[in-house]
Amino acid sequence: MRKKIAKIKNIANLLKPEIRRLKAYSVDESPARLKMDAMENPFPLPDEIRQELAEALKSEQINRYPDPSAAQLKMSLADLWGIGTQRMVLGNGSDELIQMIVLAFGGPVLVPVPTFAMYEIISKTLAQSVVAVPLKKDFSLDADKMLKKTRDVRAKVIFLACPNNPTGNRFSDEAILKILNKANAIVVIDEAYFSFSGKTFLPLLSSYPNMIILRTLSKIGFAGLRIGALTTSSKLINELAKIRLPYNISTLSQAAAVVALRHKNTLNRQISLLISARERLYNALSQIHSITVYPSEANFILFKTGTDAAYLYEKLRESGILIKNLSRPGILSNCLRVTVGTPEENNEFVDTVKKILKTV
Ligand code: PMP
C-alpha cells in the first residue's frame, strides 16, 4: 500500500507565531567531571537513605495513578517549610508553578533583569508580554521603576527571585515591601534559594493577599524529583489549584521525597556545609586579581572576568569542569556563574581557574 502524505504545505505555519519566534531553553548537556552549572546539591544521597528509598519505591503501585492530592508529601513539605498543607499547591518543579501562575493571571508580566530566564520563556510560550526593568548597577532592585512600569503597562504579575538568579543577591526587604505595598499586581517571591539565605517572606503571607511564595526541592538535593510548592492567600490558593493537572507529581517522586525528607538532619548538615563552602569559594575567587566576585546568599556565585569569559569557560570545560557562561552585552558582560560544589570540587575549580589565568 502506498503511504499517503498529508497535503498541508508548511505545517509550521499552523503554529502560533509566538511559539515559532521562540528559542527553546537550552541546557548544556556535555558530560563533565565536575558539574557546577545548575545549582544542584553536589552531595549524593547517603547509602543508608538510598536503601530506605529502594525499600519504599519497591512497594509503590505504578500501575495506578499517583495520589492526586499528594497528601503525604504535602505533610513532609509542611514540616520542612512551615507551610500549611491547605495552603499549598505542588508543581512538577517550580517551573510548572510559574507556568500555572502565568496561566491564571496572564500578562503583562514584569521582571527585573537579569533574573531567572524561565519567567520570560514561560510567559512567551503562553503568548503573554514581558516587560523588563533593569536592576541597578549593584544588582539591587529599582523599586520605583518597577512600580512605575507596573502602572504604565498594567502588569498583572511581577516575579522577584529572592535570592536572585544569576546575581546571587537578595533584594532588600525595603524594596520588596515597597512593591508589595504599592503594586496593583500579583507579586511572586521566588524563594528557590531560601535554604542558603535563611530569609523568607512567609510570615507576611497574611498581610499581602496578592503575594505568592515559591519554594523548590531542586537546590537542596532533589533536583531529579521535580518538586516545587507554592503558597499564597486563602483567596488565591483554590484558584491556582484549579489549574494544576490532576496527577502532576509522579508516584515515585512523591514516595522518594517523603523518604528523603525524613532525614532533615542530613539535609541541614549539607546545607550548612554548602554555606560555609560558598564563603570559602567567594574568598578564594576574590583573591584572583583579574576577577570581580559578587556576594551571594544562594548556592552559586557570579563573577566577572577581566578578559574574555568565553575563553575561561571553554578552558574549564576542557578540564572537565562545567559552569555557566552568562556573558552578554550589558551588566553581565564577561560574567560566569559557578555552583557551589563540595569543598574538594571548589578547590579544584579555583586551582584550575588560577592555572588558566596563569596567576599561580
Ligand atoms: N526559580 C529560580 C529562581 C531558579 O533559579 C530555578 C532553577 N534554576 C527555578 C525557579 C526552577 O526550579 P525547579 O523547576 O527545579 O523547581
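Taken together, the values in this text are just the output of simple stated rules run on the coordinates, not laboratory data. Keep in mind that what you see is a predicted model, and the values were worked out from it rather than measured. Glycine also receives a Cβ, built like all others from the backbone with ideal geometry; neighbour counts cover every protein chain displayed.
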Once phi is turned into ³J(HN,Hα) by the Karplus curve 6.51 cos²θ - 1.76 cosθ + 1.60 with θ = phi - 60°, what whole-Hz value does each residue of the range 328-334 show in order, with x for glycine and proline?
7, x, x, 4, 9, 4, 6
Can you sort H289, H263 by how many other beta carbons sit within 10 Å, fewest first?
H289, H263
Pick from N299, N63, N334: which is most flexible by mean-square fluctuation in a GNM of the chain where alpha carbon atoms under 10 Å apart are linked?
N63
With the dipole of the chain defined by +1 on each Lys or Arg Cβ and -1 on each Asp or Glu Cβ, the option from L252, L110, I83 whose Cα lies farthest towards the positive pole is L110
Based on the Cα gyration tensor of the range 302-356, what are the three equivalent ellipsoid semi-axes, each the root of five times an eigenvalue, rounded to whole Å and given largest first?
19, 12, 9
With r as the distance between the Cβ atoms of L126 and L177 and R0 = 35 Å, compute the FRET efficiency 1/(1 + (r/R0)^6) and round to 0.05.
0.75
Which of A155, A56, A260 moves most in a GNM of the chain, Cα contacts under 10 Å?
A56
Arrange I249, I11 by Cβ neighbour counts within 10 Å, fewest through most, would you?
I11, I249
Cleavage-rule hits (trypsin sites (Lys or Arg not before Pro)) in the range 78-139: DSSP loop, at most 14 neighbouring Cβ within 10 angstrom:
K136, K137
Which one of M39, N10, S26 has its Cα pushed farthest toward the positive end of the charge dipole of the range 4-49, where Lys and Arg give +1 and Asp and Glu give -1 at the Cβ?
N10
How long are the semi-axes of the equivalent ellipsoid of the range 173-322, taking √(5λ) for every eigenvalue λ of the Cα gyration tensor, in whole Å from largest down?
33, 23, 16
How much FRET efficiency would the formula 1/(1 + (r/R0)^6) give for R154 and L245, where r is the Cβ-Cβ distance and R0 is 30 Å, rounded to 0.05?
0.55
Rel. contact order, % - alpha carbon contacts under 8 angstrom, at least six apart, the range 146-293
16
State to the nearest 20 debye the size of the charge dipole of the chain about its Cα centre, where the only charges are +1 on K and R beta carbons and -1 on D and E beta carbons.
1580
Could you tell me which of A310, L285, Q270 has its Cα farthest along the dipole of the range 252-322 towards the positive end, charges placed at Cβ (Lys, Arg +1; Asp, Glu -1), taken about the Cα centre?
Q270
Mean separation of Cα contacts under 8 Å (6+ apart) over length of the range 95-176, as relative contact order %:
35
Of K16/K145; K137/K354; K149/K178, those spanning more than 23 Å from alpha-carbon to alpha-carbon
K16/K145; K137/K354
Rg/Rh for the chain to two decimals, with Rh computed the Kirkwood way over all alpha-carbon pairs.
0.99
Kirkwood hydrodynamic radius for the range 156-249: how many Å is it when counted over pairs of different Cα atoms?
14.1
What order do you get for Y294, Y247, Y313, Y119 when you list them from fewest to most C-beta neighbours inside 10 Å?
Y247, Y294, Y313, Y119
Taking a point 7 angstrom from the Cα of N184 along the C-beta vector, which residues in the range 107-137 have backbone N less than 17 Å away?
107-110
What does the charge dipole of the range 255-360 about its Cα centre add up to, to the nearest 20 debye, if the Cβ of each Lys and Arg holds +1 and the Cβ of each Asp and Glu holds -1?
180
Please compare each pair in K136/K358; K74/K182; K156/K242; K199/K219 to a cut-off of 21 Å on the Cα-Cα distance and tell me which ones are over it.
K136/K358; K74/K182
Of all DSSP beta bridges in the chain, what percent run antiparallel (nearest 5)?
50
